[in-house]
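What follows is a set of notes on a single structure, which appears directly below.
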Amino acid sequence: MKKAIILAAAALFCVTGIDVQAQKQIGGDKNIEFQFAPLGGNPISISGIRFRTFLDESSAFRVNFFVGSSTDKTVTSQEGDLSIEDPTSPALYMYDRTFDLTIRPGYEIHFDGTDRLSPYIGAEIDFGIGRMSTEQEFWSPNDIDNVFELDKNVVWTQTDKDGFTRIGLNLLAGFDFYFADNIYLGAEMGFGFSSTSMADSTVEFSDNAAWSLAASGGTDAELDPPAAIENGSSFNVGPTVNGLIRLGFLIN
């Protein structure tokens, strides 16, 4: 209970114990904004960056930008696990990789609001691409003449790839609340549509001969690598709620 009272008092101070005449945007201001997802799995991570330039106090160009990539490495086999007679098999790994890029240029119209509140409407174009791949290592023969000779085994990889390209248009409504000169918190929501084209699923092998031997069970059958799989596309229309905390500041 005591902790709740302290938090409530702090929140009240933040709202009321600040300059009533906190300076809002004017023409020529530049604005950098960071966006956080407090309800996500990693709440302190930055989910995007927005840059705005105000033509005057009631209009601004903006662009949202996000780029991110990750690589997760896991062990699929420990050293020596694949051979009883010859405990020299190497450790094998699997790599999951992702890459995301989002660019959203747009335009805002701001209204008078109050001394510290700047409500606005606007529109933005949404463009995004994503790439995903899983690369897994294997250890097996790569020569049909040495199929039973474990010292002739090689490490080879199978890589599965997917991805998407998205384009859309969003109509927006939001506000900036200036709790101090040139510093604000904000929220935003809107309505829009997007079209997403899924990239073909493909499989690549670093050593086709080794894969063919493994896939055929060690026979001399020559197999062709799998063909790409077409994944189609999707079209979405509806509300676009931005579940992020927007924290920004003006650069005069």
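Taken together, the values in this text are just the output of simple stated rules run on the coordinates, not laboratory data. The shown structure was predicted, so the numbers you read here are calculated from the model rather than taken from an experiment. In this analysis, Cβ positions are derived from the backbone assuming ideal geometry, glycine residues included, and neighbour counts consider all displayed protein chains.
In the frame of its principal axes, region 94-142 has Cα extents of 73, 21, 8 Å, reported largest first. Ranked by the mean number of other Cβ atoms within 10 Å of their residues, highest first, the peptides 50-58, 70-78 fall in the order 50-58, 70-78.
Report the calculated FRET efficiency for Val237 and Leu185 (r = Cβ-Cβ distance, R0 = 45 Å), to the nearest 0.05.
0.95
Between Lys152 and Asp115, the simple label model (points 7 Å from Cα in the Cβ direction) yields a spacing of 8.6 nm.
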